[in-house]
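The values are calculated or read from the model by the stated rules, or taken from the named source; none is laboratory data. Please read all numbers here as calculations on a predicted model, not as lab measurements. So basically every Cβ, Gly included, is an ideal-geometry build from the backbone, and we count neighbours across all protein chains shown.
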Amino acid sequence: MRRVDAVVIGGGMAGLVAAWQFTREGLTPVLLESRGYTGGLVAASKIAGVAYDIGAEGWAVRRPETAELAAELGLDVEFPRPAPSWVWFDDGPFAMPSRAILGIPADLSDSDVVAALGAGEAEKAARLDGAPLPDELPPDLGSLVEQRMGTTVLERLVAPIAGGIHAADPHLLATEVVSPGLLDAVRRAGSLAGGVALVKGDGAPKPPVASVAGGMFRMPQVLHEQISAADGQVLTRTGARALERDGEGWVVRAAATVRNENPSLPPVPCGEPVDLAAARVVIACSAGPARRLLGGVVDVSGPELVPGAPIAHVNLAVRAPELDAGPRGNGMLVARGSQQVSAKALTHLSAKWPSLTADCRARSEGLHLLRVSYGRSGEAEVELSVGQAMADASTLLGVELAADRLVDHQIIHWSGALAPTTPAARAWVQGLHEQLSAVPGIGLTGAWASGSGIAALVPHARDTARRLA
Ligand SMILES: Cc1cc2nc3c(=O)[nH]c(=O)nc-3n(C[C@H](O)[C@H](O)[C@H](O)COP(=O)(O)OP(=O)(O)OC[C@H]3O[C@@H](n4cnc5c(N)ncnc54)[C@H](O)[C@@H]3O)c2cc1C
């Protein structure tokens, strides 16, 4: 048995941040990652010779900690080009209201809201939201919007945005998780629009997201490098298979893994297990394996977790100088039920991120990177084809992209990666944290265990490691 300071299970952003924080506390952790690379859902590839993010592109700026971490790592932060998101409906595309949270407007009389809904529907929504608040607000986003502003606001503004960001129906999303503080602001303001306005604050709208200049993928890369430089050990292709109490500490049983035949499924264990003994262990892997590892430690019974959508991207590098002006802002979300487009979203990556714009220009004039996204929650896996993606991109961007414009392409699957946090899952996770707070030397972190996305997991993973150090 090998004795180490700390074991961190899972080498996505959460595990890397926790292991990095341990090194800042003077400890030398061992990080176990069952795949062949660290970073998890933050991952890089190259298309037409340009390095770019194939997973998460950035973080929500509603909290400051991720930008603070970037600064500590010596990374520059960049913001997307200021431009609205667009939404595609078959009756015509429109730019999303700029003063809004997840599509919920801060003022239903704003001109971009009226343009999106029509004057009659905007007035109807305002009347609904003018009614006194009930004693209890519904905990899920879909019911909240439906109750306060009606189905048109839900379907035309909120469902496309929530579907795009969280890959889920708004009725499956706990409002407190996807927009922390909004419910409280609604209660203080006395209306949903008023609550959104309170959270957004006064002044010029700020970009809701940020990233690392040069690509989000640089953050896990630098975390990995700095952990190794501080004598921490990062073991890829090594999965944790079991976790047991060992007196005051823990034993983690680890084993080598090999690639699954289907690379979008988790790797498969192989070889003889090795035991690692440590006073501290942080579980930072995905929800399914974490539940299995914690089964002998606390009561893990709880709700069936809702599977994540069958997300897949067809990433295109095209030569199209007509796209230099970014005709549809930084991208478009497609409303459900479109007969003209089978994609659910398009991101104009090379228009959105200034460093990517520069990298593409340096490579070749008129080169553009587009991410065409497929796979909505509750739908079966869709058949992907580059021809379909080129056709969808042409319709969405309003620019004919013939086959000879294609320079390179990549098809990326992220099936099940973004499981929605339902109100029941949130309560279950809170229960796990409560039980674990009574158990010494163990912490649980990761996007599913700390709130939504990178903005929430960074401070949570750092606090988890600090508490155990
Ligand atoms: C396409 C896409 C776009 C996204 N865009 C954004 C965005 O713009 N902003 C944002 O905030 N978030 C975004 N996200 C979500 C964000 O990427 C995740 O919330 C975050 O990266 C999750 O990090 P994590 O470390 O918690 O989990 P993961 O990245 O899932 O890492 C968990 C790791 O644990 C490993 N593991 C599992 N079991 C074991 C085991 N038994 N032993 C060892 N290792 C194990 C897995 O291989 C994995 O690497 C996006 C996600 C996707 C897929």
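Points worth noting:
- All told, ARG81 falls short of being among the basic types (Lys, Arg) and either more than 30 Å from LEU41 (Cα to Cα) or outside any loop (DSSP other than H, G, I, E, B) (or both).
- Test: PRO289 is of a type outside the set (S, T, N, Q), under 20 Å from the mean Cα position of the chain (by Cα) and at pLDDT below 95: yes
- Filter result (closer than 25 Å to ARG280 by Cβ, of a type in the set (A, V, I, L, M, F, W, C) and near the ligand (Cβ under 9 Å from one of its atoms)) within the stretch 27-47: LEU31, LEU32, LEU41, VAL42
- Residue check for ARG426: charged (D, E, K, R), closer than 22 Å to ALA168 by Cβ and outside any loop (DSSP other than H, G, I, E, B): yes
- Residues of the stretch 417-469 that are more than 10 Å from the ligand (Cβ to nearest atom), more than 18 Å from VAL306 (Cβ to Cβ), crowded, with 23+ Cβ neighbours inside 10 Å and of a type in the set (Ser, Thr, Tyr): THR464 alone.
- Candidates ALA67, ALA56, filtered to the one that is touching a strand residue (DSSP E or B) at 6+ places or on another chain (Cβ under 6 Å) and small (Gly, Ala, Ser): ALA67
- Taken together, the criteria exclude ASP299 from residues that are more than 22 Å from the chain's Cα centre (by Cα), assigned to a helix (DSSP H, G or I) and surrounded by fewer than 17 Cβ atoms within 10 Å (Cβ to Cβ).
- Residue match in the stretch 110-122 (condition: modelled with pLDDT under 95, over 24 Å from ALA204 (Cβ atoms), surrounded by 20 or more Cβ atoms within 10 Å (Cβ to Cβ) and touching a strand residue (DSSP E or B) at 6+ places or on another chain (Cβ under 8 Å)): no
- Selection over the stretch 313-329 of residues that are surrounded by fewer than 21 Cβ atoms within 10 Å (Cβ to Cβ), of a type outside the set (D, E, K, R) and on the phi < 0 side of the Ramachandran plot gives a count of 3.
- Any hit, the stretch 157-179, residues being modelled with pLDDT of 90 or more, over 19 Å from the mean Cα position of the chain (by Cα) and in a helix (DSSP H, G or I): yes
- Scanning the stretch 223-263 for residues that are basic (Lys, Arg) and loosely packed, with under 15 Cβ neighbours inside 10 Å, we see that the one that is farthest from LEU294 (Cα to Cα) is ARG259.
- Contact map, the stretch 57-73: first residue within 10 Å of the ligand (Cβ to nearest atom), second residue of a type in the set (Val, Ile, Thr), Cβ cut-off under 6 Å, separation 6 or more or different chains; pairs are GLY58/VAL209; TRP59/THR66; TRP59/ILE454; ALA60/VAL209; THR66/ILE454; THR66/VAL458.
- Any hit, the stretch 189-203, residues being small (Gly, Ala, Ser) and at pLDDT below 90: yes
- Scanning the stretch 189-214 for residues that are outside any strand (DSSP E or B), within 16 Å of the ligand (Cβ to nearest atom) and crowded, with 23+ Cβ neighbours inside 10 Å yields a total of 0.
- Sub-8 Å Cβ pairs linking a first residue in the stretch 256-281 that is free of Cβ contacts under 8 Å to residues at least 24 places away in the same chain and closer than 22 Å to ALA312 by Cα to a second residue that is outside any strand (DSSP E or B) and within 13 Å of the ligand (Cβ to nearest atom), at least 6 apart or interchain, are ASN260/PRO266; ASN260/PRO267, ordered by first then second residue.
- Any pair with Cβ under 9 angstrom, 6 or more apart, that starts in the stretch 209-225 at a residue that is within 19 Å of ARG81 (Cα to Cα) and ends at one that is at pLDDT below 95: VAL209/ALA60; VAL209/VAL61; ALA210/ALA60; ALA210/VAL61
- All positions within the stretch 327-362 that are more than 18 Å from the chain's Cα centre (by Cα), within 17 Å of ARG156 (Cα to Cα) and not in a loop (DSSP other than H, G, I, E, B): VAL334
- Of all residue pairs spaced 6 or more apart or on separate chains, those with beta-carbon atoms under 7 Å, a first member in the stretch 166-193 that is under 14 Å from SER143 (Cβ atoms) and a second member that is in a helix (DSSP H, G or I) and of a type in the set (Ser, Thr, Tyr) are HIS171/SER143; LEU182/THR175; LEU183/THR175.
- Meets criteria (acidic (Asp, Glu), over 21 Å from MET216 (Cβ atoms), surrounded by 14 or more Cβ atoms within 10 Å (Cβ to Cβ) and over 25 Å from the mean Cα position of the chain (by Cα)) for GLU365: no
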